[in-house]
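Please read the structure below before turning to the comments.
The values are calculated or read from the model by the stated rules, or taken from the named source; none is laboratory data. Note that the structure is a prediction, hence the values are computed from the model and not measured. In this analysis, Cβ positions are derived from the backbone assuming ideal geometry, glycine residues included, and neighbour counts consider all displayed protein chains.
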Amino acid sequence: MKNPLPFTHPSKIHNAPFNKVAAALVLLFLLGSAGGSVLYGQERLVVTRDGENPNLPGDHGQGGNHDADGIVTPGTSDTPLLPGDHGQGGNQDADSETPAQTTQTISLYAGWNWVSFFLECDAGFIAGLKEDIAQNNDESLIKDISQNSMLQNGVWYDGNLTFTNKSMYMILVKNDTPLTLHGTLAKPESNTITLFPGWNWIGFPETRSMTLEEALSGIQPNEGDVIKDVGKTSTYSGNEWQGSLTQLKPGTGYMYLNTGATFTLTFPSSK
(Lines give C-alpha, C1' and ligand atoms only; values in the text may rest on other atoms or scores of the structure.)
Protein backbone atom coordinates (compact mmCIF):
# COMPACT_ATOMS: atom_id res chain seq x y z
CA MET A 1 0.00 0.00 0.00
CA LYS A 2 1.44 3.34 -0.96
CA ASN A 3 2.01 5.93 1.72
CA PRO A 4 -0.75 8.55 1.69
CA LEU A 5 0.07 11.82 -0.02
CA PRO A 6 -0.65 15.22 1.51
CA PHE A 7 -3.98 16.81 0.66
CA THR A 8 -3.99 19.12 -2.35
CA HIS A 9 -6.43 22.00 -2.47
CA PRO A 10 -8.96 21.56 -5.34
CA SER A 11 -8.05 24.93 -6.85
CA LYS A 12 -4.53 23.58 -7.50
CA ILE A 13 -5.57 20.12 -8.59
CA HIS A 14 -5.55 20.80 -12.33
CA ASN A 15 -1.75 20.96 -12.37
CA ALA A 16 -1.14 17.96 -10.13
CA PRO A 17 0.08 14.56 -11.40
CA PHE A 18 -2.35 11.66 -11.30
CA ASN A 19 -1.20 10.10 -8.03
CA LYS A 20 -1.50 13.41 -6.18
CA VAL A 21 -4.90 14.08 -7.72
CA ALA A 22 -6.13 10.67 -6.65
CA ALA A 23 -4.74 11.15 -3.14
CA ALA A 24 -6.32 14.57 -2.88
CA LEU A 25 -9.69 13.10 -3.78
CA VAL A 26 -9.50 10.26 -1.24
CA LEU A 27 -10.92 12.67 1.33
CA LEU A 28 -13.92 13.35 -0.91
CA PHE A 29 -14.43 9.62 -1.36
CA LEU A 30 -14.33 9.01 2.41
CA LEU A 31 -16.78 11.83 3.02
CA GLY A 32 -19.16 10.35 0.45
CA SER A 33 -18.85 6.87 1.94
CA ALA A 34 -19.60 8.23 5.42
CA GLY A 35 -22.67 10.06 4.21
CA GLY A 36 -20.92 13.39 4.11
CA SER A 37 -21.30 15.99 1.40
CA VAL A 38 -19.14 18.77 0.07
CA LEU A 39 -21.49 21.57 1.04
CA TYR A 40 -21.06 25.12 2.20
CA GLY A 41 -24.35 26.51 3.46
CA GLN A 42 -26.82 25.87 0.65
CA GLU A 43 -24.17 25.47 -2.04
CA ARG A 44 -21.70 22.76 -2.89
CA LEU A 45 -18.03 23.50 -3.26
CA VAL A 46 -17.30 25.32 -6.52
CA VAL A 47 -13.85 25.48 -8.04
CA THR A 48 -13.34 28.65 -10.05
CA ARG A 49 -10.47 30.55 -11.64
CA ASP A 50 -10.26 34.28 -11.09
CA GLY A 51 -13.98 34.66 -10.63
CA GLU A 52 -14.97 32.75 -13.78
CA ASN A 53 -17.89 30.37 -13.97
CA PRO A 54 -17.11 26.91 -12.51
CA ASN A 55 -14.45 25.90 -14.92
CA LEU A 56 -13.79 22.33 -15.87
CA PRO A 57 -11.96 22.24 -19.16
CA GLY A 58 -8.37 21.11 -18.99
CA ASP A 59 -5.39 22.72 -20.62
CA HIS A 60 -5.65 20.36 -23.56
CA GLY A 61 -9.18 18.96 -23.33
CA GLN A 62 -10.59 17.00 -26.23
CA GLY A 63 -14.22 17.01 -27.24
CA GLY A 64 -14.15 13.46 -28.57
CA ASN A 65 -14.65 11.59 -31.82
CA HIS A 66 -17.83 10.17 -33.29
CA ASP A 67 -18.32 7.54 -35.89
CA ALA A 68 -20.77 8.12 -38.75
CA ASP A 69 -23.69 7.11 -36.56
CA GLY A 70 -22.68 9.28 -33.63
CA ILE A 71 -22.17 6.30 -31.36
CA VAL A 72 -18.67 7.07 -30.12
CA THR A 73 -18.05 10.17 -28.04
CA PRO A 74 -15.51 10.85 -25.33
CA GLY A 75 -14.83 14.01 -23.41
CA THR A 76 -11.61 14.61 -21.54
CA SER A 77 -9.94 17.09 -19.32
CA ASP A 78 -6.97 17.43 -17.02
CA THR A 79 -9.10 19.35 -14.56
CA PRO A 80 -11.18 17.50 -11.98
CA LEU A 81 -14.16 19.55 -11.23
CA LEU A 82 -16.15 19.99 -8.11
CA PRO A 83 -18.65 22.65 -9.14
CA GLY A 84 -22.31 22.76 -9.33
CA ASP A 85 -25.37 22.59 -7.23
CA HIS A 86 -26.77 19.30 -8.53
CA GLY A 87 -25.34 16.90 -10.76
CA GLN A 88 -32.38 3.55 -20.96
CA GLY A 89 -35.50 0.34 -21.24
CA GLY A 90 -34.52 -0.61 -24.74
CA ASN A 91 -35.93 -1.42 -28.10
CA GLN A 92 -37.85 -4.61 -28.59
CA ASP A 93 -37.22 -7.13 -31.34
CA ALA A 94 -40.17 -7.50 -33.70
CA ASP A 95 -40.68 -11.16 -32.73
CA SER A 96 -39.56 -11.05 -29.13
CA GLU A 97 -40.13 -9.17 -25.91
CA THR A 98 -36.42 -9.32 -25.10
CA PRO A 99 -34.84 -5.84 -25.43
CA ALA A 100 -32.34 -5.63 -28.28
CA GLN A 101 -28.69 -5.42 -27.24
CA THR A 102 -26.64 -2.44 -28.43
CA THR A 103 -22.99 -1.42 -28.06
CA GLN A 104 -21.68 1.98 -27.01
CA THR A 105 -17.96 2.70 -27.42
CA ILE A 106 -16.21 5.54 -25.64
CA SER A 107 -12.51 6.39 -25.69
CA LEU A 108 -11.19 7.58 -22.35
CA TYR A 109 -7.95 9.56 -22.45
CA ALA A 110 -5.39 9.76 -19.65
CA GLY A 111 -6.70 12.39 -17.25
CA TRP A 112 -10.27 13.51 -16.68
CA ASN A 113 -13.11 12.63 -19.06
CA TRP A 114 -16.71 13.91 -19.08
CA VAL A 115 -19.04 11.12 -20.15
CA SER A 116 -22.67 10.05 -20.24
CA PHE A 117 -24.43 6.92 -21.44
CA PHE A 118 -27.25 6.04 -23.84
CA LEU A 119 -27.49 2.43 -22.59
CA GLU A 120 -29.51 1.42 -19.55
CA CYS A 121 -27.30 1.67 -16.47
CA ASP A 122 -28.19 -1.75 -15.07
CA ALA A 123 -25.92 -4.06 -13.08
CA GLY A 124 -24.43 -5.75 -16.15
CA PHE A 125 -23.65 -2.44 -17.81
CA ILE A 126 -21.95 -1.08 -14.67
CA ALA A 127 -19.90 -4.27 -14.24
CA GLY A 128 -18.70 -4.01 -17.86
CA LEU A 129 -17.76 -0.35 -17.40
CA LYS A 130 -15.66 -1.07 -14.30
CA GLU A 131 -14.07 -4.13 -15.87
CA ASP A 132 -12.95 -2.16 -18.94
CA ILE A 133 -11.44 0.56 -16.75
CA ALA A 134 -9.67 -1.95 -14.46
CA GLN A 135 -8.12 -3.77 -17.44
CA ASN A 136 -6.07 -0.68 -18.27
CA ASN A 137 -5.64 1.01 -14.88
CA ASP A 138 -4.84 0.02 -11.30
CA GLU A 139 -6.18 3.36 -10.04
CA SER A 140 -9.20 5.33 -11.24
CA LEU A 141 -12.00 7.53 -9.98
CA ILE A 142 -15.59 7.91 -11.19
CA LYS A 143 -17.70 10.69 -9.74
CA ASP A 144 -20.97 12.45 -10.20
CA ILE A 145 -21.62 15.80 -8.58
CA SER A 146 -21.58 14.45 -5.02
CA GLN A 147 -20.46 10.81 -4.83
CA ASN A 148 -17.47 8.70 -5.89
CA SER A 149 -16.43 5.21 -6.88
CA MET A 150 -12.69 4.61 -6.54
CA LEU A 151 -10.36 1.97 -7.99
CA GLN A 152 -7.31 1.38 -5.80
CA ASN A 153 -4.78 -1.40 -6.47
CA GLY A 154 -7.28 -3.11 -8.75
CA VAL A 155 -10.13 -3.09 -6.22
CA TRP A 156 -13.27 -0.95 -6.62
CA TYR A 157 -14.58 0.92 -3.56
CA ASP A 158 -18.03 2.05 -4.58
CA GLY A 159 -19.05 4.55 -1.92
CA ASN A 160 -22.59 5.80 -2.59
CA LEU A 161 -22.24 6.42 -6.33
CA THR A 162 -25.20 5.42 -8.48
CA PHE A 163 -25.41 5.39 -12.27
CA THR A 164 -28.19 6.96 -14.32
CA ASN A 165 -28.70 8.19 -17.88
CA LYS A 166 -29.65 11.60 -16.51
CA SER A 167 -26.23 12.50 -15.13
CA MET A 168 -22.76 13.37 -16.40
CA TYR A 169 -19.88 11.43 -14.86
CA MET A 170 -16.25 12.45 -14.59
CA ILE A 171 -13.85 9.53 -15.01
CA LEU A 172 -10.18 9.84 -14.11
CA VAL A 173 -7.80 7.29 -15.67
CA LYS A 174 -4.02 6.97 -15.76
CA ASN A 175 -3.90 5.42 -19.23
CA ASP A 176 -5.86 5.78 -22.46
CA THR A 177 -8.75 3.35 -22.04
CA PRO A 178 -11.25 2.10 -24.65
CA LEU A 179 -14.71 1.29 -23.34
CA THR A 180 -16.91 -1.21 -25.19
CA LEU A 181 -20.20 -1.24 -23.33
CA HIS A 182 -23.19 -3.50 -23.99
CA GLY A 183 -26.81 -3.13 -23.00
CA THR A 184 -30.25 -1.96 -24.04
CA LEU A 185 -31.01 1.51 -25.33
CA ALA A 186 -32.27 4.04 -22.84
CA LYS A 187 -35.33 6.10 -23.72
CA PRO A 188 -34.70 9.86 -23.56
CA GLU A 189 -38.40 10.47 -22.95
CA SER A 190 -38.16 8.33 -19.79
CA ASN A 191 -35.16 10.25 -18.45
CA THR A 192 -36.47 13.69 -17.57
CA ILE A 193 -33.72 15.76 -15.92
CA THR A 194 -34.47 18.25 -13.14
CA LEU A 195 -32.39 21.41 -13.53
CA PHE A 196 -31.99 23.12 -10.17
CA PRO A 197 -30.84 26.73 -9.77
CA GLY A 198 -27.06 26.77 -10.19
CA TRP A 199 -24.81 24.24 -11.92
CA ASN A 200 -26.18 20.83 -12.90
CA TRP A 201 -24.28 17.82 -14.28
CA ILE A 202 -26.40 16.37 -17.08
CA GLY A 203 -26.20 13.34 -19.35
CA PHE A 204 -27.21 13.13 -23.00
CA PRO A 205 -28.94 9.74 -23.51
CA GLU A 206 -29.13 10.02 -27.30
CA THR A 207 -27.61 7.89 -30.07
CA ARG A 208 -27.01 10.76 -32.49
CA SER A 209 -25.68 14.30 -32.32
CA MET A 210 -28.17 17.16 -32.15
CA THR A 211 -27.88 20.89 -32.55
CA LEU A 212 -28.24 22.82 -29.33
CA GLU A 213 -31.54 24.23 -30.55
CA GLU A 214 -32.95 20.76 -31.34
CA ALA A 215 -31.70 19.12 -28.15
CA LEU A 216 -33.04 21.90 -25.91
CA SER A 217 -36.22 22.56 -27.89
CA GLY A 218 -38.38 21.39 -24.98
CA ILE A 219 -37.32 24.15 -22.59
CA GLN A 220 -37.42 27.93 -22.40
CA PRO A 221 -33.95 28.89 -21.15
CA ASN A 222 -33.40 31.88 -18.91
CA GLU A 223 -31.37 34.86 -20.04
CA GLY A 224 -27.83 34.06 -18.96
CA ASP A 225 -28.19 30.26 -18.77
CA VAL A 226 -24.98 28.45 -19.75
CA ILE A 227 -24.25 24.98 -21.15
CA LYS A 228 -20.73 23.62 -21.53
CA ASP A 229 -18.73 20.53 -22.30
CA VAL A 230 -15.06 20.04 -21.52
CA GLY A 231 -13.85 22.67 -23.97
CA LYS A 232 -16.81 24.62 -25.37
CA THR A 233 -19.45 26.90 -23.87
CA SER A 234 -22.63 28.62 -25.01
CA THR A 235 -24.75 31.21 -23.22
CA TYR A 236 -28.43 31.98 -23.77
CA SER A 237 -28.67 35.67 -24.66
CA GLY A 238 -31.12 37.66 -26.76
CA ASN A 239 -33.42 34.65 -27.19
CA GLU A 240 -30.71 32.47 -28.74
CA TRP A 241 -27.73 30.32 -27.82
CA GLN A 242 -24.44 32.06 -28.49
CA GLY A 243 -21.00 30.50 -28.21
CA SER A 244 -18.69 27.74 -29.35
CA LEU A 245 -20.85 24.81 -28.21
CA THR A 246 -23.30 24.22 -31.06
CA GLN A 247 -23.98 20.46 -30.80
CA LEU A 248 -24.62 17.88 -28.11
CA LYS A 249 -22.97 14.51 -28.78
CA PRO A 250 -23.70 10.98 -27.56
CA GLY A 251 -21.38 9.77 -24.82
CA THR A 252 -20.37 13.27 -23.73
CA GLY A 253 -21.37 14.81 -20.40
CA TYR A 254 -22.39 18.43 -19.95
CA MET A 255 -22.88 21.09 -17.31
CA TYR A 256 -25.90 23.38 -17.34
CA LEU A 257 -26.11 26.62 -15.36
CA ASN A 258 -29.73 27.43 -14.53
CA THR A 259 -30.00 31.11 -13.62
CA GLY A 260 -33.71 30.91 -12.78
CA ALA A 261 -36.15 28.67 -10.93
CA THR A 262 -36.11 24.86 -11.06
CA PHE A 263 -37.43 23.34 -14.30
CA THR A 264 -37.18 20.03 -16.17
CA LEU A 265 -35.51 18.96 -19.39
CA THR A 266 -36.48 16.00 -21.56
CA PHE A 267 -34.43 15.40 -24.69
CA PRO A 268 -36.32 14.49 -27.88
CA SER A 269 -36.17 10.89 -29.06
CA SER A 270 -33.32 10.08 -31.44
CA LYS A 271 -35.69 8.14 -33.70
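Taken residue by residue, segment 229-240 has at least one member that is part of a loop (DSSP other than H, G, I, E, B) and either assigned by TED's automatic domain parsing to the domain that holds SER167 or surrounded by 20 or more Cβ atoms within 10 Å (Cβ to Cβ) (or both).
Applying the condition of being hydroxyl-bearing (Ser, Thr, Tyr) and either surrounded by fewer than 22 Cβ atoms within 10 Å (Cβ to Cβ) or touching a Cys at 6+ places or on another chain (Cβ under 7 Å) (or both) to segment 241-253 and asking which residue is nearest to ILE219 (Cα to Cα) yields THR246. Going through (1) small (Gly, Ala, Ser); (2) surrounded by fewer than 18 Cβ atoms within 10 Å (Cβ to Cβ); (3) closer than 14 Å to PHE118 by Cβ one by one, GLY154 falls short only on (3).
Condition check ((1) of a type in the set (Ser, Thr, Tyr); (2) at pLDDT 95 or above; (3) over 29 Å from LEU245 (Cα atoms); (4) part of a loop (DSSP other than H, G, I, E, B)) across all residues:
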residue	(1), (2), (3), (4)
THR79	yes, no, no, yes
GLU97	no, no, yes, yes
CYS121	no, yes, no, yes
ALA127	no, yes, yes, no
ILE142	no, yes, no, no
THR164	yes, yes, no, yes
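Of all the residues in segment 192-226, those that are buried (at least 18 other Cβ atoms within 10 Å of the Cβ) and not aliphatic (A, V, I, L, M) number 12.
Tell me, yes or no, whether segment 210-227 has at least one residue that is in contact with a Gly (Cβ under 7 Å, 6 or more places away or on another chain) and closer than 20 Å to TYR169 by Cβ. Checked against the condition, which is being in contact with a Gly (Cβ under 7 Å, 6 or more places away or on another chain) and closer than 20 Å to TYR169 by Cβ, segment 210-227 yields no hits at all.
May I ask you to list the residues in segment 244-271 that are touching a Lys or Arg at 6+ places or on another chain (Cβ under 7 Å) and modelled with pLDDT of 95 or more?
The first filter runs over segment 244-271 and keeps only residues touching a Lys or Arg at 6+ places or on another chain (Cβ under 7 Å), leaving 244-245, 250, 254-255, 270.
Residues satisfying the conditions are SER244, LEU245, PRO250, TYR254, MET255.
The residues of segment 144-162 that are of a type outside the set (A, V, I, L, M, F, W, C) and outside any strand (DSSP E or B), listed by number, are ASP144, SER146, GLN147, ASN153, GLY154, ASP158, GLY159, ASN160, THR162. Taking the conditions (1) basic (Lys, Arg); (2) within 23 Å of TYR109 (Cα to Cα); (3) surrounded by fewer than 23 Cβ atoms within 10 Å (Cβ to Cβ) in turn, LYS187 satisfies each one other than (2).
Considering only segment 122-141, how many residues are surrounded by 22 or more Cβ atoms within 10 Å (Cβ to Cβ) and closer than 15 Å to GLY251 by Cα?
In the first step, residues of segment 122-141 are kept if they are surrounded by 22 or more Cβ atoms within 10 Å (Cβ to Cβ); the result is 129, 133, 140-141.
Narrowing further to those that are closer than 15 Å to GLY251 by Cα: 129.
Going through segment 122-141 one residue at a time, the tally reaches 1.
Restricting to segment 177-221, give me the number of residues that are farther than 18 Å from PHE117 by Cβ, in contact with a Ser or Thr (Cβ under 7 Å, 6 or more places away or on another chain) and in a loop (DSSP other than H, G, I, E, B). So the count comes out to 3. Of the listed requirements (1) surrounded by fewer than 21 Cβ atoms within 10 Å (Cβ to Cβ); (2) not assigned by TED's automatic domain parsing to the domain that holds LEU245, MET168 misses just one: (1).
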